[in-house]
Structure formats: C-alpha cells, structure tokens
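Just so it is clear, none of the values below were taken in a lab; they were calculated from the coordinates. Small disclaimer: the values here were computed from a predicted structure and weren't measured. Don't worry about glycine lacking a Cβ; one is built from the backbone with ideal geometry, like all the others, and counts go over all protein chains shown.
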Amino acid sequence: MDAALTRPCRACGSLGLLPFLSLGVTPLADALVAPEHLDAPEDRFPLDVAFCPSCSLVQILEEVPPEKLFVDNYLYFSSFSPYLLAHSADHAHGLIDKLDLGPRSFVVEIASNDGYLLKNFVERGISVLGIDPAPDQAAAANAAGVPTLTEFFGTDLAHRLVREGKRADVIIANNVMAHVPDLNGFVEGLRILLTDDGVATIENPYVRDLIEHREFDTVYHEHFCYFSCTAVDALMRRHGLYLNDVEYFPDLHGGTLRWHVGPVERRSQRATTYLDDEVASGLTKSGYYEEFGVAVEGIRSELLDLLHGLKADGKRIAAYGAAAKGSTLVNYVGIDTSLVDYVVDRNTHKQGLYMPGVHIPISDPSRLIEDRPDYVLLLAWNFRDEIIEQQREYLDRGGRFIVPVPTPTII
Ligand code: JHZ
C-alpha cells in the first residue's frame, strides 16, 4: 500500500494515512457486465482503506476517474425502494415545514438521481434544481418534471449558478459527499451556492456503523470517504460552514447520519453529544480501526465455509440484490457461479446483466418463486425487512435467507 505513504488526506491534506483494510484488487462495483462482454477483460483497481490521524477521515487510497464510476457504468435508480421513497418524502416535508419553504424558495439537490426526492418539493410548488452526472437518471428526472442538470457539482458549477442569480436556500446532498474525489471543492461549492442563512443537509452512511456492524461491503471505489461527525465538523469549518445538527437513521443503508450545516454557527446539543461520543468511543483514534481487517477476514472464511457446506449437502443457492455492496462482497469473498446460481434484482436496468468479476447472472425476483432455491444470500441486507416482507411466499414455502454481515446468519 505505497499509496498510503504518498497520498495526502482527501480532507485535511496531511500525510501519514494509516491503512487498516485491504479488499484486494477488485472490479468496479457498479460495472455490471453485458452478455456480449463476458469474455472481455474488466478494469480492476486496488481497494484499500485508511484512517487519517490528523482529521479522523476514513478514506480509500485509490482514485478511479468519476466518469468511469457515475457516467459509464451507473445503473443505480433511487426509486426502486419504497422505504427510501418514504424516507425522502419525510425529509422534504420536514424541511418545508421547518424552514417554511414556499414558492419563493429555491431547493437544489446534488446527486438527485431520478428525481425521487425533489418531486416532493415540485408537488408543493417550490422551485428546484437537480444536479446529477448520470445521463439516464437525469433524463428520467427531467421527464418526471424535475429540472435536472447532467453535470458533476463543484466550485465551477456553483459559481455559474450564482452568476445566473440562482443561490440556494436549501441544498440537499444525500449519498454523494462520499462519492467526490475533490472533497474540498465540493464543500466549497456548497458554501458558494448557499444563501447566507441557507441550510445544507447531507446524508451518508455512518463510519461508526460500518466498523461496529462489520459493513465492509459498503467499501467500493465509488465511496472515496467514510464519515464521522468529527471529520465532517473539521471539513466544514475549513470552508466557513458549521455542523449545526445531526440526525440518525439506523435502518437506512446500514446506519445513516444526516448532518445539517450552514454558514452561521448554531450548534445543537444533539450535535455536541455526537461529537463528544465519538471522542469517548475512541473513533477519532487509529486503535478503533485496528481489528477491523481481521474481523472481515473472519466473515470471509465463515461465509465460505457455510456456502461450501450447503453445496456439499446438495442445496441450491441464489442471491438477492445486484447492489454495489453485493459486488464487493462476492468479489472479496470469492463467490462465483459454483456457489451461487444467480442474483435477483428488481431494477429492470440490471436484469440480463452479470455481476462484475464473478459473472453471476442477474434475473427478475419472480425467479425465486418459480425456481425455489433452498437458500438466498441477501446481498442487499440494508433492505432486509423490506425484502423479507416482499418474499414472504418464498419463505413460507421453506426458503431461507443468509444475511452475510455482521456475521453470516441464516434466517
Ligand atoms: P442498494 C447504492 O449502493 C449506490 P448499493 C450508491 N453508490 C450509494 O452510495 C449507496 O447506495 C448508499 C435492489 N432492490 O440501494 C435495488 C431489489 O431488488 O443497497 C438495488 O439494485 N428489491 C449511490 O448499490 C439493490 O437491490 C428491493 O425490494 O449497494 C440495492 O442496492 C429493494 C429494496 C432493492 O445500494
């Protein structure tokens, strides 16, 4: 991991990153393979995670060009989860009420995907702008009446919008701050675009859940960073923004925080408590991360033993969720079609394609009922309750799910 010696921290620029997890050299998690390309070589990149002792930011060492990640290969559409849609509607309605937003307000969402969230503001007559570089998702949003720019966000775009007289009362950035290689440019862009009393809400999975629940599969090249409140606080301050409040959603993407930031410092007691708890739990020190690599290797061998044992007993195994995290899991653990026959996924854009690296085919979820495999490896474990409810019939007919993290468990 020579990159750890030479790569400065993505947030504070310090040298001396401390690597604590290596997931090998893996294909890009969302680069699903079309049948006609199965014989072609796939891009592979090292996937190593490190901690910055200066500002506490957890980050990967590799830097894949964003176009390769979010333009060429991106098939993620936010609207396939009713849970996420309900969470997004609550978020939008909460902001409308709390900030008294109306027809004169202007709301910008960065990484607005197919318009799943902004449509809630449009329905209330509030002006919005979506920003997303993924062409199919941006086209879907525009077609649904959510005006969307097909671009990456950064200081250039923020300056351009301000020149056009478009400063934002609210900026929403969900599951995107981890996705930008130029973290400081992104945050500076927020500061430029926000009005002087504006609010930005930023959601991202919480690094504390990643470590404590062994969610190693949420590490992939799209996620450059893994945030704590401590790291976000320091990052924001550097750009004249302040971490004023924190909300926690334990069931979203394995544990998600929503940070409220703005140009005026008004720190809530809740934000102070999160920051204090992070110091008390040791999360701001390297020791907190030291055992993680060993724990992850343990999950790999336990899961492989379980799957091999089931195959030796003549059981048939499928998987659920051609998620990016599923791609990390199957590639790191080494699960191919000798263990898992196929993956099912509701996203119609993914069906007919193959998981990167291991080339497991992707089908419609109805196949589970027709085919009735004995076990289904739940790759999209973050939607566990939603998927189990939806697959009641499969379970009632004797099917079983295997949940891979924090320890492989059969349910
Ligand atoms: P899902 C995504 O990661 C992508 P992924 C992204 N990079 C990110 O940061 C995180 O989210 C937060 C399917 N599904 O959402 C849909 C069903 O088939 O966990 C998805 O393909 N049936 C922006 O890709 C996959 O599972 C269902 O009932 O790891 C889940 O992928 C449901 C609910 C989902 O994210």
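Tell me whether region 295-313 contains one or more residues that are closer than 30 Å to SER78 by Cα, acidic (Asp, Glu) and surrounded by fewer than 20 Cβ atoms within 10 Å (Cβ to Cβ). No, region 295-313 has no match at all. In summary, LEU75 fulfils each of the numbered conditions (1) within 12 Å of the ligand (Cβ to nearest atom); (2) in a helix (DSSP H, G or I) with the single exception of condition (2).
Checking each residue in region 203-224 for being within 10 Å of the ligand (Cβ to nearest atom) and among the aromatic types (Phe, Trp, Tyr) picks out only TYR220.
Considering only residues in region 334-366 that are outside any loop (DSSP other than H, G, I, E, B) and in contact (Cβ under 8 Å) with a residue 40 or more places away in the chain, the one that is farthest from the ligand (Cβ to nearest atom) turns out to be TYR354. Of the residues making up region 184-207, those that are more than 25 Å from LYS98 (Cα to Cα) and either touching a strand residue (DSSP E or B) at 6+ places or on another chain (Cβ under 9 Å) or not in a helix (DSSP H, G or I) (or both) number 2.
Scanning region 377-393 for residues that are near the ligand (Cβ under 6 Å from one of its atoms), in a helix (DSSP H, G or I) and of a type in the set (A, V, I, L, M, F, W, C) turns up PHE383, ILE387. A single member of HIS253, HIS260, HIS239 is more than 19 Å from SER56 (Cα to Cα) and either more than 17 Å from the chain's Cα centre (by Cα) or of a type in the set (A, V, I, L, M) (or both), and it is HIS260. The set of residues in region 164-183 that are part of a strand (DSSP E or B) and within 16 Å of the ligand (Cβ to nearest atom) comprises ILE172, ALA173, ASN174. Looking only at residues of region 268-327 that are assigned to a loop (DSSP other than H, G, I, E, B) and hydrophobic (A, V, I, L, M, F, W, C), we find that the one that is nearest to the ligand (Cβ to nearest atom) is ALA323.
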